[in-house]
Every structure is written in C-alpha cells, then in structure tokens.
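A.B. asks: Here it is, the structure in full.
The values are calculated or read from the model by the stated rules, or taken from the named source; none is laboratory data. Keep in mind that what you see is a predicted model, and the values were worked out from it rather than measured. Every residue, glycine as well, gets a Cβ built from its backbone with ideal geometry; the counts of neighbours run over all protein chains shown.
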Amino acid sequence: MTRRPRIGVITFPGSLDDRDALRSVRFMGGEGVPLWHAEHDLREIDAVILPGGFSYGDYLRTGAIARFAAVMDEVRTFAARGGPVLGICNGFQILCEAGLLPGALIRNRQLRFVCRWVDVRVESSRSVLTEGLASGEVLRVPVKHGEGQFVAGAGDLRRIEDEGLVVLRYCGRDGAVDDAHNVNGSLDAIAGVRSEGGNVVGLMPHPEHAVDPDLGPTGGQPMFASLLASALARV
Amino acid sequence: MKFHCSVDVRLKPGLLDPQGKAIEGALPAMGWTNVSDVRVGKHVEFYVEARDQTTAVAQVHEMAERLLSNPVIETFAIRGVEAFAGLTFEDRP
Amino acid sequence: MDQPLHLALGLTDDELDRIRQTLGRDPNPNELAMYAAMWSEHCSYKSSKVHLRRLPTEGPQVLVGPGQDAGAVDIGDGLAVVFKMESHSHPSAVEPYQGAATGVGGIVRDIVAMGARPIALLDPLRFGPLTDERNRFLFSGVVAGIGGYGNCIGVPTVGGEVHFAEPHGANPTVNVMCVGIAQADRLVTSAREVHEGSLLLLFGAATGRDGIGGVSVLASRTLEEGSEESRPSVQIGDPFAEKLLIEASLELVERDVLEGLQDLGGAGLTCAVSESAARARMGADLDLDAVPLREPSLQAFEILTSESQERMLAIVRPDRLEEAREVCARWGLSSAVVGSLRAGGGLTVRLGGNVVAEIPARSLADEGPEYYRPMEPPLGVDEVLDDDPTFATVEVAPEAALRSVLTSPNIASKRWVWEQYDSLVQGGTVLGPGADAAVIRIEGTLKALVLSSDGKGRYGALDPYLGAAHAVAEAARNVSTLGAKPLAITNCLNFGNPERPEVMWQFAESIQGMADACRALETPVTGGNVSFYNESGDSAIWPTPVIGMLGLIEDYRLLVRPGFSGSGLPIYLLGETFPELGGSEFAEVVLGTLAGRPPALDLDREALLQRLLVDAAAADLLDSAHDCSDGGLAVTLVESAIAGDTGFAANLPGDVPWYVTLFSESASRAVVSVAPERADGLEELAVARGVPFSRLGETGGPRMVFDGLLDLAVEDVRGLYEDAIPRLLAG
C-alpha cells in the first residue's frame, strides 16, 4: 500500500481555515498534520499549507507579522529544497510578505469584504496546485477576503506575466476574463501565482471549501488532488 | 535613553490606493471640489530604549524596512526620533 | 452638577432606599456605581421580568433554560446546542461599525462562557429608509462592523434579516444571534460544583476606560439629540484578541480545569464576579490592584464597571491554576488572579489595601428591583386596524406592482449585506444566507442545525400580539420548510421606553403572542435579551420582538431547498390564501398605507402545515419548498425561480382580485415543487395531515408566467431583485 502524503497545516494566531484545510486534506486522501507557528518543526511533512484567516488580526498589513513566526524559517528551507508550499488567502498574503511569492495583496477595489463563489481559469500547469490540469480549465471555488487585490510594480508584473507565474485568473463561467468577474480588482485579474520553481503557490480563493459535494461545487478537488500528487512524488 | 519615534508608511506612487480613491470620490460631494491625489498611509508611533540617537535611528530604520513597511508596495519615512524624558505607561511603578 | 450621584447614575430614590436597607448604611460612590450597573434595565430586566415569566421555558429537549449566559438544547448523540440573541442597538446608533462589531464579540463570549464552540452567527437588523443618507451610513457601518468582527474570529455568519422602516431611523435595531455546540456533559453551567477558595482568573484584554456606564447610561435610557457625547461609552473591538480568547477558553474547558466561566460584558467585572459568587451561593474577595490595566490611574468604580471587550473570568481550583495560566500564555493572553471565592455571601472589593466596596453578591446579581409598570393601548389603535386596505381601489398594473414589491428593500435580495460576511469558514455550511433558513451540519454526524431569525415589523406595529405570534410561526415555518423540526427559540425583544404605558402594553401583548405561539408549536424559550429605551424624542421603534429559531434535521442530505431545480415539476401551494393585505408589503409600497389587520394566525393550522413539511421532506417527496410570507405568493414564486434559475407557469384562481392572490400575506403557507411521480404521494399526505392545497402550475423555461397576468424573464427579474439595494446605496 502506498503511503498517504503528509500535508502540514500551520496554525498561526488568528488562523481560521486551518481545521478546514486539514479536513479537506483528509477528505482527499492525505494525512493532515497540524503545525504550530511557534515551533521550528515541520514534522516530516511532504507538503505544507498556510491556511486562511486573519493571522495577528491582519494588523499592520495582512501577513506582515506572521511571516516572522518561528515556523516560517522552516517553510523557507522547505521551499528552497523544492517542497510544495501552498498559501491560501491569508497564507498567500504571508508568502508574499515573506518574499516567497511576487507581488502583494491590498484592500479590495470595492473596499468591502467579499464572500462569493467565483470561477477561476487555470493559466499554468507548472505548479503543485495545477499539475495535471489543463490551461484554460475553469474551476468554481469561493473567495472570502477584504484584502485580496493583487498588485505588483510595473516591472514585477511584467516579469510575472512573461515568466508565466500566473496560476489562476478570475473569469466568467465560460473562462472569459473581464472586469465584471474580477472580484476584487486584481491586476490582470490574477487570483493565484507561483514561484519560479512552481513549488510555492498562493491563491486568494479557498479550494479547501470546495471539495465536499455535500457543501457545494467542487472546484477545489482537482487542486487538492494535484497538491497531494506533488507531495507524494517527493515521498 | 528613551526615544520617541514616529514613522510614516505610504503606498508607493503609481500604485492604486482604493481607500484614497474612495475619499477623493466622497469629498467633492461634500463641497470640496478642489481636492486631488488623495493617498492614505499609516503613522506609527513608539518608544525605543537605546544608547544614543544614532543607534536609535538605525534601529528604527531597520524596523521600518523589515516590518513596518512592505517594500513591494510601500515606502517609509522616519518622521522623528527624539529623546524623551517623561514616563510612559510601561514605566509606571 | 447638583444632581445627586444615584440619580446621575440612573438609580431612583426608591432604589437608593432599597440599597440602604440592604447595606444598613449609605452606599459609597463605588457601591452606587456597582448597583447602578447591575440594577440597570439592561442587566436586571426590572421592567420585563414579570412578563417574561409567562413564556414557556420547558421541554424534554431543553438542557439549560433562561437565566444563564445562554440556553442549551439537547440534539442527541451527547451533543448540546447553545444559543442566544442579544441587542447592540444603542452602541450602534452612536458608532455603527464598533457598536455592531462589539455586539458580535459579546454574544460570542456568552456562548463560549457555556463551554461551547461558536459555529454560527445570524444578524437581524432594522434601519430607517435607505433614501436617507444617515440611514445609509448606519446601515453600511453596521454591516461592515458585523463582517469586520465576525469574519476575523472565524465564526460563519450564515443568516439574519434586514428590514427598513422610518421608526428605526433614529434608533436602528442591531441584534446578533450566536449558536454554539458542546458535549452536553461538558457544558459550563451553574450546576458545576464550586469550592471555597477557588480563584478568580481574569484573562484576555487589559481593562481600560471604555464603555464605562454602557449599560446604565447607553442601554437603559433614551438617546438624546447630539449622541456624540455618548461616544466615550463606546467600546472598540479587537476581534483578534477574541479569537485567541475563544481558543484559550475552549482549551480550558477541554482540559476540565474550570469550575466556572463568565464573560465580561455589560457591567464588566462587577457583573462577572457578583454573578459567579451568587450562583455558587458564596461570597468573593476582589483585588482591583491585580487587574491588568491598559492605562494608569483608573479609579475603583472605573475598574469595576469598565466594559472593555475581550475579557473572560474563570473560576479555577488553586491546584489547576498553573495549567490554566499556561493555556492562556500559549494563546498569547495575559491572565491574573484577581480574587477568590469564600464562604458567606459578601463581595469585598479592595484597592491599594483599602476596602472600597462591600456588598452582598446576591443583592447585586439576583435581588434587583422588579416593576409592574403601567400599561395602556395607544390611542386610535382600533381605528387603524379597521382601516383595512384589502379591498382598496388598486389602479396599478400587475407588472408595476410586482416591480414595486420586488424592489422594495424589505423584499429585495440582501446579497449586498451577506456577501460581506464569511459564511463558509468552519466548513459546515450546507446552506448559507439568502434562503429561508441556514443549515450547518454537525461534524461526524448526518445531523444539521437549521437556523432562522424573524421579526414582523409592520404586523407588530399594528397588533403587537399578532406580530410576535407571527414571528414565532414564521421562524418555525422557515425551519420546517427545509425539512427540519423546530426545537426551541431564543429572542431579542426590542422596544421603546418601558416607562411609557403604551410601550409596556406593546411589550406585554408581544410576550403573550410569543408565549401562545411557542406553546402551540412546542418550541420553548431558552433565553434571550430585552432591549428597551429604543426611542429618541417622541419617536420609538416599532415593537420588535425578534425570534431566533433552532431546528434540527437528522439527515442533512434530505434537506429541501427553495429553488426550482428542473422542468416539468408540478408546483403546489400548501395552505390557503385569504384576502389579507393589512400590514403587507403590497399595502405599504403600492398603496402607501400602514393600516388594517395583519393576517390572522391559526396556530393549529400552522402546526399542521409544519408537520406536513417535515414529514414530506423526511419521505423525500419534495423537490423544493419555500415559505410564503413577506410579499405573498408572487414573491415566493419569483424567489424560487431566481434561486433555481428556472421559470414557471402558474394559473391563478379567478374568483379573487389578482392583487390578493399575488400579494396577500396569509399565514401558514408554503410553495413546493415535486417530481411528477411524487405528486400523488404529496397530495395524499396533505389530505392525511389536514392541510389544504392547490396545484398552481409547473416549473420550467426561462420565463415566469402568471397566466393572463404577467410574463417576465427570470433573468430580468433577477436583475431587479438583486440590484435594488446597491442602487439605493449609490444614492
């Protein structure tokens, strides 16, 4: 019998979707491993998730304080060795603050929190979140954030686009990217980006809230399947 | 020595500032049609215990660079690092 | 200021005499401040208690009834559901964002204090019309505050309701309901054994000057013009601290180190300590020097009555103290032993080594005054009831009438509101906001809680008895419509100044209506909150009893949703439509009148309909079901069409005017659709249950067709329904 991939989920003070990420890992057949922000220990996991929430209340800037947590040293080392790292929502914000992903996330264009099911289009299969998915595929997942507007300086944005670091974009049901479906006003409707190596990925939508068919659409399933497969490939 | 420090953090010029835009949109409706280029930033104040002012400034600079601002989107300016003789709340007996 | 201190603090001369009798001496200013807080209307329920006793509070499902931090209901499998509703209207009128935010924080701590994990929030709200700029400011501020706090603590906001009416302009009504879950045998109630010498451990945020006099001044008097002066009384919420407080508290419960747990809300430390001691039938020593302060030089009365947020008080055995403090530290919270319990009933407070107050704990917590205030129906009430709009001359065309009703902000989609709330966190939301009720599944089981909140503004304004009874009936119907059995209610009773006989009459009538409906529908009252003094000048809010209903479905996969899900499904109206337009949405927005008799409510018929809905769902007979109430049959059909993105063709009976058929708000009705092969089964069951029904038509197609009357594209109507509130907010 093959080993189940061990997927760590870090709890920072103020993390909220940590239990949900663990539940979804288990739902998709992985082993969920809770990790604590203050410990220098990743407990031999095969992949790590920085979950959604409001770490440190989002005070100062989203993710600004959590990036200095003890566990982040280990995440950095793990990422440098090619380990799969997924940041969801607040986790994405932390990874950007930590410099592990390009860009930054600021207040939504409409200045209001938004909780909504949206469609996202896969832009690149070269990431641990989208391996096995075809470019152009459309997945339905929810967003819930007040500060999810992706921004980057002009030079950075060009590099992100030119190097194909965009993993997901907000789109309509048919995959068309337009302003009406850009739920928070992100530059180029960017919903998720990856590192150059593709092993670090961040996204504002919440795939962990879209795996159980009893609760709604399941656009998160293929993403988790991809993450688990990437993790397994390292075992 | 204790120093009172203050740092301003601002969005880099050119980056969209949704809060600034909202304020700019609201002011004309209230009669101020002469306003433009509203930008919203942060003002951070704190005390630092340090050997001398040069040390304090250097520390504040590092704090501003590493934590108080995000270089991807923000710039910062140290507004003041001034010797402080009074008692702060933390000093209470 | 030459006003005597007790009057300035809101105590009457009689109340001062009682205090003198209890103490056998004159109270000092600290003691007066403590009494003023604890004997305030907000904390003591002094005007409402005599009426609240009429409510049914018992049932086999009730584990904890009124009188504790929150009620608790048995849902089987060793699980208890803890729930309560509270008002934060007064603070929200002064500072909408923080007022609403701290309201969320307070009710969440009530649930946590019972040892339960908060799993859902609902927010019933009332504002003045959105055509007014200040109302828009209050509305958007309150919604942002609820979201800002609720989203940050990881408790999904899954429901609520929003209504708009002129009387709620100066005094918006902001209620919050929280639902939690616990192992029934782990509930932290006053039944726990408490020992002499056990320590009072205060943990969470430090104490500052915020909210001093919140209960005695802000929530127990009417707001006067220039309420900016009340601003120092408004607390600032720190949801991040609250999240840590929740986790630390639940870990303390999990480790079983507690003898008691209290949240610090209204009346702050005074309330938490006196109630803890009184419940244990003990006294306490309280050392104010040990209380961590946020700013120096707080005086004794300030520390005693501060309503600084995000604080809890635990009762801990000395031998478990270290463990308890370690848990707090692990969650980044400071903790301090501020006193201990002792035999005898006295509460002794010290500061700087001196005794600054000495009061019997029970006299603060349990022996507050009780008033049977005068009551009188308002003048002209009969004339208003007799002026019924049901057969008024209607000159509006059906389509224009439907447009007016659908775009009325009371009826229109509240998406703008609930999209600002995280309704998904915790991963249990089977059905979120926007439906008749919200559905939260219980992890590890197939059970789900079905939650609804309802209040009937206009009905209550016309007839407070009927208004309250309808609120209970509708809340229960909303739950039954989804296939769940209504179990119990909590409530928030929002009224004007109880010292006015008309307001007290409205209150008493409402209580009777609620009591009768709760008895008939077998949904006892497990607790709640009374919010008086919602008036300024001579403008009081409508009598607004809001009901929070808890229902249970044993298998959430059998849940029935409101949307039409496919073509060719027969549509039925269960129940009967009578010519009843008094107090209806149609009467207000089309006829421009608030008069007449609200729809009658036959509680036996209501119970039969609800039983039918629950049984039909359990037998898997229904494809969709939607409660028929505000806006009448037309709105019900339109909402089912929009929700399921499927049109319909309906035949309307010809023997009554079209506007009665479409817009009458007769009670005890629901619209269901069924698979064709199950139609006979449903009809048989309806006959057996004694519920009249009529077949309205069939689902299908992109249009909504009311035969011979209306023919509209679902997509167009969706636009009207969805855009109405954003349009109004755009000014």
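A.B. asks: Does the range A:133-141 contain any residue that is touching a Phe, Trp or Tyr at 6+ places or on another chain (Cβ under 9 Å), touching a residue at least 40 places away in the same chain (Cβ under 8 Å), within 19 Å of A:ALA176 (Cβ to Cβ) and crowded, with 24+ Cβ neighbours inside 10 Å?
C.D. replies: Of the range A:133-141, the ones touching a Phe, Trp or Tyr at 6+ places or on another chain (Cβ under 9 Å) are A:140-141.
Still in the list and also touching a residue at least 40 places away in the same chain (Cβ under 8 Å): A:140-141.
From the residues that got through so far, the ones that are within 19 Å of A:ALA176 (Cβ to Cβ) too are A:140-141.
Pick out the ones that are also crowded, with 24+ Cβ neighbours inside 10 Å and you get A:141.
Yes, some residue in the range A:133-141 is touching a Phe, Trp or Tyr at 6+ places or on another chain (Cβ under 9 Å), touching a residue at least 40 places away in the same chain (Cβ under 8 Å), within 19 Å of A:ALA176 (Cβ to Cβ) and crowded, with 24+ Cβ neighbours inside 10 Å.
A.B. asks: Given the conditions (1) within 10 Å of chain C (Cβ to nearest Cβ); (2) out of contact with any strand residue (DSSP E or B) (no Cβ under 7 Å at 6 or more places or on another chain), which single one is not true for A:LEU16?
C.D. replies: (2) is the only condition that A:LEU16 fails.
A.B. asks: For the range C:129-158, give me the residue count where each residue is buried (at least 19 other Cβ atoms within 10 Å of the Cβ), among the polar types (S, T, N, Q) and more than 12 Å from chain A (Cβ to nearest Cβ).
C.D. replies: 1
A.B. asks: Next question. I'd like to verify a number: residues in the range C:47-83 that are in a strand (DSSP E or B) and under 16 Å from C:CYS492 (Cα atoms), how many?
C.D. replies: So the answer is 3.
A.B. asks: Take the range A:171-209 and flag every residue that is basic (Lys, Arg) and either surrounded by fewer than 16 Cβ atoms within 10 Å (Cβ to Cβ) or on the phi > 0 side of the Ramachandran plot (or both).
C.D. replies: A:ARG173 - this is the single residue of the range A:171-209 that is basic (Lys, Arg) and either surrounded by fewer than 16 Cβ atoms within 10 Å (Cβ to Cβ) or on the phi > 0 side of the Ramachandran plot (or both).
A.B. asks: Restricting attention to the range A:94-134, and to residues there that are assigned to a loop (DSSP other than H, G, I, E, B) and in contact with a His (Cβ under 9 Å, 6 or more places away or on another chain), which single residue is farthest from the other protein chains (Cβ to nearest Cβ)?
C.D. replies: Across the range A:94-134, the extreme among qualifying residues is A:ASN108.
A.B. asks: Scan the range A:1-55 for residues that are assigned to a helix (DSSP H, G or I), under 16 Å from A:GLN221 (Cβ atoms) and in contact (Cβ under 8 Å) with a residue 24 or more places away in the chain and jot them down.
C.D. replies: A:ASP20, A:ALA21, A:ARG23, A:SER24, A:VAL25, A:PHE27
A.B. asks: Identify all residues within the range C:243-262 that are of a type in the set (Lys, Arg) and in a helix (DSSP H, G or I); write none if there are none.
C.D. replies: C:LYS243
A.B. asks: Still on this structure: Scan A:GLY91, A:GLY83, A:GLY87 and give me the residue that is buried (at least 20 other Cβ atoms within 10 Å of the Cβ) and either in a helix (DSSP H, G or I) or within 13 Å of chain B (Cβ to nearest Cβ) (or both).
C.D. replies: A:GLY91
A.B. asks: Kindly list the number of the only condition in (1) more than 14 Å from chain A (Cβ to nearest Cβ); (2) crowded, with 17+ Cβ neighbours inside 10 Å; (3) in contact with a helix residue (DSSP H, G or I) (Cβ under 7 Å, 6 or more places away or on another chain); (4) not in a helix (DSSP H, G or I) that fails for C:VAL384.
C.D. replies: It is condition (4) that C:VAL384 fails.
A.B. asks: Yes or no: A:VAL138 over 16 Å from the mean Cα position of the chain (by Cα), at pLDDT 95 or above and away from chain B (no Cβ under 14 Å)?
C.D. replies: It is true that A:VAL138 is over 16 Å from the mean Cα position of the chain (by Cα), at pLDDT 95 or above and away from chain B (no Cβ under 14 Å).
A.B. asks: Take B:THR75 and tell me if it is without any contact (Cβ under 8 Å) to a residue 60 or more places away in the chain and of a type in the set (S, T, N, Q).
C.D. replies: When the stated conditions are applied, B:THR75 does not pass them.
A.B. asks: Here's a follow-up. If B:ASN70 satisfies every condition in (1) surrounded by fewer than 13 Cβ atoms within 10 Å (Cβ to Cβ); (2) assigned to a loop (DSSP other than H, G, I, E, B); (3) free of Cβ contacts under 8 Å to residues at least 24 places away in the same chain but one, which is the exception?
C.D. replies: Going through (1) surrounded by fewer than 13 Cβ atoms within 10 Å (Cβ to Cβ); (2) assigned to a loop (DSSP other than H, G, I, E, B); (3) free of Cβ contacts under 8 Å to residues at least 24 places away in the same chain one by one, B:ASN70 breaks only (1).
A.B. asks: Only residues in the range C:295-306 that are farther than 17 Å from C:CYS271 by Cα count as the first member; pair them with residues that are of a type in the set (Val, Ile, Thr) and modelled with pLDDT of 90 or more, Cβ under 8 angstrom, at least 6 apart or cross-chain, and list the lot.
C.D. replies: These pairs meet every condition: C:LEU298/C:THR207.
A.B. asks: Could you look through the range A:34-52, keep only residues that are within 14 Å of chain C (Cβ to nearest Cβ) and more than 12 Å from the chain's Cα centre (by Cα), and pick out the one that is farthest from B:SER69 (Cα to Cα)?
C.D. replies: Checked the range A:34-52; the qualifying residue farthest from B:SER69 (Cα to Cα) is A:PRO34.
A.B. asks: Then there is this: Give the residues of the range C:553-568 that are surrounded by fewer than 24 Cβ atoms within 10 Å (Cβ to Cβ) and more than 30 Å from C:VAL81 (Cα to Cα), sorted by residue number.
C.D. replies: Correct list: C:SER565, C:GLY566, C:SER567, C:GLY568.
A.B. asks: Let me ask something additional. From the list B:ALA64, B:ALA26, which one is closer than 30 Å to A:ALA152 by Cβ, free of Cβ contacts under 8 Å to residues at least 40 places away in the same chain, within 13 Å of another protein chain (Cβ to nearest Cβ) and in a helix (DSSP H, G or I)?
C.D. replies: Exactly one residue qualifies, and that residue is B:ALA26.
A.B. asks: With the checklist (1) more than 21 Å from B:LEU16 (Cβ to Cβ); (2) among the aromatic types (Phe, Trp, Tyr); (3) in contact with an Asp or Glu (Cβ under 8 Å, 6 or more places away or on another chain) in hand, flag the one item A:TYR170 doesn't pass.
C.D. replies: (1)
A.B. asks: Can you name the residue in the range C:552-605 that is among the acidic types (Asp, Glu) and either outside any helix (DSSP H, G or I) or touching a Phe, Trp or Tyr at 6+ places or on another chain (Cβ under 6 Å) (or both) and is also nearest to C:PRO692 (Cα to Cα) among such residues?
C.D. replies: Only one residue fits best here, namely C:GLU576.
A.B. asks: Continuing with this model, one more query. If the requirement is being at pLDDT 90 or above, touching a Lys or Arg at 6+ places or on another chain (Cβ under 9 Å), assigned to a strand (DSSP E or B) and more than 12 Å from chain A (Cβ to nearest Cβ), which of these qualifies: B:ARG10, B:ARG79?
C.D. replies: Residue meeting the stated conditions: B:ARG10.
A.B. asks: Now a separate question. For the range C:417-456, which strands (runs of 3 or more DSSP E) that fit wholly inside it have 2 or more residues that are within 18 Å of the chain's Cα centre (by Cα) and more than 7 Å from chain A (Cβ to nearest Cβ)?
C.D. replies: Where strands (runs of 3 or more DSSP E) fall fully within the range C:417-456 and carry at least 2 residues being within 18 Å of the chain's Cα centre (by Cα) and more than 7 Å from chain A (Cβ to nearest Cβ), they are C:438-441, C:448-454.
A.B. asks: I would also like to ask the following. Whether any residue in the range B:40-60 is closer than 30 Å to C:GLY731 by Cβ, β-branched (Val, Ile, Thr) and more than 12 Å from the chain's Cα centre (by Cα) is what I want to check.
C.D. replies: So far as the range B:40-60 goes, no, none of its residues is closer than 30 Å to C:GLY731 by Cβ, β-branched (Val, Ile, Thr) and more than 12 Å from the chain's Cα centre (by Cα).
A.B. asks: I'd like the full set of residues that are more than 9 Å from chain C (Cβ to nearest Cβ) and polar (S, T, N, Q), limited to the range A:19-33.
C.D. replies: none
A.B. asks: Say we look at the range B:7-59 and pick out the residues that are surrounded by fewer than 13 Cβ atoms within 10 Å (Cβ to Cβ) and of a type in the set (Asp, Glu); which of these is nearest to A:ARG109 (Cα to Cα)?
C.D. replies: Filtering first and then ranking leaves B:ASP37.
A.B. asks: Of a type in the set (A, V, I, L, M) and at positive phi: does that describe C:ALA267?
C.D. replies: Against the criterion (of a type in the set (A, V, I, L, M) and at positive phi), C:ALA267 qualifies.
A.B. asks: Something else about it: Which residues, counting only those in the range C:653-709, are surrounded by 21 or more Cβ atoms within 10 Å (Cβ to Cβ) and either at positive phi or assigned to a loop (DSSP other than H, G, I, E, B) (or both)?
C.D. replies: C:SER664, C:GLU665, C:SER666, C:ALA667, C:SER668, C:ARG669, C:VAL674, C:VAL691
A.B. asks: Report yes if C:VAL112 is under 27 Å from C:GLN262 (Cα atoms), away from chain A (no Cβ under 14 Å), touching a residue at least 12 places away in the same chain (Cβ under 8 Å) and not charged (D, E, K, R), otherwise no. Please lay out each step first, then the result.
C.D. replies: On the way: under 27 Å from C:GLN262 (Cα atoms): yes; away from chain A (no Cβ under 14 Å): yes; touching a residue at least 12 places away in the same chain (Cβ under 8 Å): yes; not charged (D, E, K, R): yes.
Yes: the conditions hold for C:VAL112.
A.B. asks: Any chance the range C:409-419 includes a residue that's in contact with a Lys or Arg (Cβ under 7 Å, 6 or more places away or on another chain) and within 25 Å of A:VAL211 (Cα to Cα)?
C.D. replies: Looking for residues that are in contact with a Lys or Arg (Cβ under 7 Å, 6 or more places away or on another chain) and within 25 Å of A:VAL211 (Cα to Cα), one finds at least one in the range C:409-419, hence yes.
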